[in-house]
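Nothing in this text is a laboratory measurement; each read-out follows from the coordinates by a stated rule. Keep in mind that what you see is a predicted model, and the values were worked out from it rather than measured. So basically every Cβ, Gly included, is an ideal-geometry build from the backbone, and we count neighbours across all protein chains shown.
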Amino acid sequence: MPSSPAETLVVGAAPPVRAPARTEPRPPPPARTPRPAAVALLRRLRRVSGLVAVLLLWWLGTERGWLGATTPSPAAVWDAGVDLIRSGEYGEHLAVSLERVARGLAIGIPLGVLLGLLAGLTRSVEDVIDAPIQAFRMLPHLALAPVFIIWFGIGETSKTMLILIGPIFPLYINVLHGIRGVDNRLVEAARSCGLGRWGLTRRVILPGALPQIFVGLRQALGIGWLTLVVAEQTATTSGIGYLMTDAREFLRTDVMFVVLVTYALLGVLSDLLVRLLERRALAWRRGFTGT
Amino acid sequence: MPTPALSPSPPAREPAAHDGVRVHGLRRVFDGRVVLDDADLTIAPGEFVALLGPSGSGKSTLLRALGGLDPEAEGHIEVPGRSAVVFQEHRLLPWERVWRNVTLGVRGGDLRARATAALEEVGLAERADAWPGTLSGGESQRVALARALVRTPQLLLLDEPFGALDALTRLKAQHLVEALWEEHRPSVLLVTHDVEEALLLADRALLLGDGAIAAEFVVDIPRPRPLDHPELVRLRTELLAGLGVHAPAEHGRTA
């Protein structure tokens, strides 16, 4: 180390073995570096391969009769799906279901975020609202379905309310913990730069909590679909849940499977959507220098 | 922080009429442990002061009080209106691009141009659009310096800003800070545990002990200062002794 006269002498006499011993502490490398196209393609194939394997197993299982006589093959499900789409029935029911979920999430997600923000930013609010929210969270909200029908009738309101409740909790918890997990040293530095409460919230606390908020969003969407299934099983004559109940009455297992596959696809699609949002909002995590 | 100057206990951080720092009777207690006790400190306008002391002696606590980052410090604190802090860690927001980090909290127009100017001073203008996560430790710390500079501080508070850098990078960063100080002439308080760093950069080196300034060393050596300047070597020995290091380092080492 050339920082003291005594050691400079030593360094001059021998090769400077000590100086390189301390390497500069680099920041952790960016989580993902842009990869060559071939590797990216391989990755994409790998991601699809699991799904393809499941389909193959399904097909093989029905061909060989492993899954019992009543299980339809993928081909039969495909045919049933095409028929349903052609008759317009599928689109109608799907639209109703999508509207229900959208309406529930459109209220539930902002509500969960708002509660999380209020509690995360202000201790006194947390003290007041945290205990009741935790208590409600522990209540399986799907068990509220019959109660909601009594309260809000058999119409759309009870369904919207049911779908609305579920997503509140994962968002509340993740927003709150995301905020509490923001590095206080960053907050302090930003404060020393003259940022006020609003500036701190907007430029430090919210962006810092964002990765965790996205986790909450993913969970919320999953719960939204789950609640839809339950909400559409009773007291309705529309929606893909009804399509399935109706098919059960007539032992149309192929139609039931069409609905099951629909649920799976909806889940995958909403996850993709969140991923897309994440990629845009959390670009800094990947170390992109921008394009 | 805009602390109202009404109540007697919290420090009244009034903008001083002159550029400079005056601290009287600064006291800070952490859970019954007295860290700062009746500490006094003056920094003249444009003066470069280094603050040394053993670990836990309250160096950073004193600096944080000056920076208005410690609402629980008691005593009278007078600092200039514009101050800026550089911490040991760069503390850049990873989700803001470099230039947005530099202008964080700065009001007014044409922030981009001001950020570029500040980044040019630390030699990083071409990294203005990078994410902080892609910078090296030395670069990050230079951005943190730019973030302080862009505020044209009358008081620059440096809390062991080179502590996490490797030896070579640290030397370069020290030169940079000296050059910037000579250019802009803010008052500087540099908290460090590195005796040589203090003697290379500061007009005055203060030793913190028992909760107050225990000793003062005026470093009257022309700049740039060679490390083997006899006065510097003498002060180094004295300062080390003040810090409780009586090692006969120069003897028996070269044998």
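Across all directions of projection, what mean area in square nanometres is found for the Cα convex hull of chain A?
With every direction weighted equally, the projected area is 26.0 nm².
Rounded to the nearest 500 deg cm²/dmol, what is the calculated helix-only ellipticity per residue at 222 nm for chain B, with -39500 (n - 2.57) per DSSP H run of length n ≥ 4?
Details: 7 runs with 75 residues, N = 255.
Computed mean residue ellipticity for chain B: -9000 deg cm²/dmol.
Under 12 Å from a point placed 7 Å out from the Cα of A:Glu89 along the Cα-to-Cβ direction: which residues of segment A:261-281 have their backbone N that close?
Counting only backbone N, you get no residues.
Which residue fluctuates most in the GNM of chain A (Cα springs below 10 Å): A:Glu249, A:Glu278, A:Glu99?
For chain A, modelled as a Gaussian network with Cα springs under 10 Å, the answer is A:Glu249.
How long is the gain from A:Leu277 to A:Arg252 if the chain were fully straight, where each residue apart is worth 0.36 nm and the alpha carbon distance is subtracted?
On the way: separation 25, 0.36 × 25 = 9.00 nm, distance 3.81 nm.
Extending this stretch completely gives an extra 5.2 nm.
To the nearest 500 deg cm²/dmol, what mean residue ellipticity at 222 nm is calculated for chain A from DSSP H runs of n ≥ 4 alone, each contributing -39,500 (n - 2.57), summed and divided by the residues? It would help to have the intermediate numbers written out before the result.
Working: 12 runs with 211 residues, N = 291.
So the helix-based figure for chain A works out to -24500 deg cm²/dmol.
What list do you get for A:Lys159, B:Lys172 if you sort them by fewest beta carbons within 10 Å?
Working: A:Lys159 30, B:Lys172 14.
Ranking A:Lys159, B:Lys172 by Cβ neighbours within 10 Å, fewest first, gives B:Lys172, A:Lys159.
Could you line up B:Arg225, A:Arg197 from fewest to most neighbouring Cβ atoms inside 10 Å?
Values: B:Arg225 16, A:Arg197 10.
Ascending Cβ contact count within 10 Å gives the list A:Arg197, B:Arg225.
If I model a spin label at A:Val82 and B:Arg82 as a point 7 Å from the Cα along the Cα→Cβ vector, what separation in nanometres do I get?
Taking the two extended label points, one gets 7.4 nm.
Normalised radius of gyration for the protein assembly as shown, please: alpha carbon Rg relative to 2.2 N^0.38 Å, two decimal places. Intermediate results must be reported in sequence, preceding the final value.
Working: Rg = 32.2 Å, N = 546, 2.2 N^0.38 = 24.1 Å.
Ratio of Cα Rg to 2.2 N^0.38 Å: 1.33.
Once phi is turned into θ = phi - 60°, what whole-Hz ³J(HN,Hα) does the Karplus curve with 6.51, -1.76 and 1.60 give for every residue of segment B:38-53, x standing for Gly and Pro?
In residue order, the calculated couplings are 6, 7, 10, 7, 10, 10, 6, x, x, 8, 9, 10, 9, 10, 10, x Hz.
Please average, across the residues of B:24-30, the number of beta carbons from any other chain that are within 10 Å of each residue's own beta carbon, and give a whole number. Can you show the working numbers first?
Working: counts 0, 0, 0, 0, 0, 0, 0.
Per residue, the average neighbour count from other chains is 0.
List residues of segment A:214-249, by number, whose backbone nitrogen lies under 18 Å from a label position 7 Å along Cα→C-beta of A:Phe152.
Hits in segment A:214-249 for A:Phe152 at 18 Å: A:220-242.
Tally Lys/Arg at +1 and Asp/Glu at -1 over every other residue whose Cβ is under 14 Å from the Cβ of A:Ile133; what's the total?
Details: positive: A:Arg137; negative: A:Glu126, A:Asp127, A:Asp130.
Summing Lys and Arg as +1 and Asp and Glu as -1 gives -2.
Between A:Thr122 and A:Ala135, what is 0.36 nm times their sequence separation minus the Cα-Cα distance? Round to one decimal in nm. Write out the running numbers ahead of the final one.
Details: separation 13, 0.36 × 13 = 4.68 nm, distance 2.01 nm.
So the chain would gain 2.7 nm between A:Thr122 and A:Ala135.
Where in segment A:67-102 is the amide nitrogen less than 14 Å from a point lying 7 Å along the Cα-to-Cβ axis of A:Leu57?
Counting backbone N atoms under 14 Å from the label point, the list is A:67.
Going by how many other beta carbons lie within 10 Å of each one, how would you line up B:Phe30, B:Phe48, fewest first?
Numbers: B:Phe30 11, B:Phe48 26.
Ranking B:Phe30, B:Phe48 by Cβ neighbours within 10 Å, fewest first, gives B:Phe30, B:Phe48.
How many percent of DSSP beta bridges within chain B run antiparallel, rounded to 5? Provide the component values of the computation, followed by the final result.
Values: 17 of 38 bridges.
Taking every DSSP beta bridge within chain B, about 45 percent pair in antiparallel fashion.
Once label points are set 7 Å from the Cα along Cα→Cβ at both B:Asp37 and B:Lys172, what is their separation, rounded to one decimal in nm?
4.5
Taking chain A as a Gaussian network, Cα atoms linked when under 10 Å apart, which of A:Val204, A:Val54, A:Val101 shows the biggest mean-square fluctuation?
A:Val54
Stretch B:Arg107-B:Thr152 to full length: gain in nm at 0.36 nm per residue minus the Cα-Cα span?
Working: separation 45, 0.36 × 45 = 16.20 nm, distance 1.26 nm.
This chain segment gains 14.9 nm when fully extended.
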